[in-house]
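Nothing in this text is a laboratory measurement; each read-out follows from the coordinates by a stated rule. None of the values given here were measured: they were computed from a predicted structure. Note: ideal-geometry Cβ built from the backbone for every residue, glycine included; neighbour counts use all protein chains shown.
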Amino acid sequence: MEQDTERKRKEKGKTSLGLIIGAALAVVILVFCCVGAVGYANRHTFTQERWLEQPGSRAKMTDDLFADYELVGMTEQQILELLGPNDNLSGYFQKENRYVYYLGEERTIMDSEWLLLDFVDGVVAEYSIVQD
């Protein structure tokens with residue numbers, strides 16, 4: 001009978017240790033997931049400062065930009081205040097009453113992406129993202 005009691009005590013100890021290890025592993029995985037999510041959100045969140053300072057990273061920010069701002073209907077002055085001056089130094093996609101912003105390398109292929117804003121009477125009438 002003493003042997004049965006001793007065996008049950010050892011099995012209970014093994015079970016407790018397994019639960020502790022499992023819980024610790026779950027906490028470590030949760031921490032890594034949270035750190036990854038925060039890092040992803042930081043890289044993909046639009047801020048005017050990041051937009052102006054990191055033009056090669058703009059493609060990652062466009063989804064957040066479009067979710068936070070309704071570009072269609074914004075005035076030329078509002079666009080300038082939000083996105084800065086038209087930065088189409090290369091002349092790509094040049095057209096009258098159009099602002100062109102470099103977004104960086106395309107997310108799927110090695111070409112570049114560009115944000116085109118077309119104005120009618122000083123107001124954004126439409127916008128699109130294109131690749132060169």
Indicate the gyration tensor shape class of segment 45-131 (rounded, prolate or oblate), computed on the Cα atoms with a ≥ b ≥ c the square roots of the eigenvalues: a/c under 1.5 is rounded; otherwise a/b larger than b/c is prolate and the rest oblate.
-> oblate
Nearest 0.05, what FRET efficiency do residue 53 and residue 76 give at R0 = 25 Å with Cβ-Cβ as r?
-> 0.65
Report, in debye and to the nearest 20, how large the dipole of segment 40-101 comes out about its Cα centre when Lys and Arg carry +1 and Asp and Glu carry -1 on their Cβ.
-> 260
For the residue pair residue 45 and residue 93, what label-to-label distance in nm results when each label sits 7 Å from Cα along the Cα-to-beta-carbon direction?
-> 2.7
Under Karplus coefficients 6.51, -1.76 and 1.60, residue-wise ³J(HN,Hα) of segment 91-98 in Hz, glycine/proline x | x, 4, 6, 5, 7, 4, 6, 10
Approximate spin-label separation residue 126-residue 64, in nm, with each point projected 7 Å along Cα-to-Cβ = 2.9
Order of 99, 127 under a 10 Å beta carbon neighbour criterion, fewest first | 127, 99
Name the residue farthest towards the positive end of the dipole of segment 45-131 from the options 71, 48, 59, assuming +1 on Cβ of Lys and Arg, -1 on Cβ of Asp and Glu, about the Cα centre.
-> 59
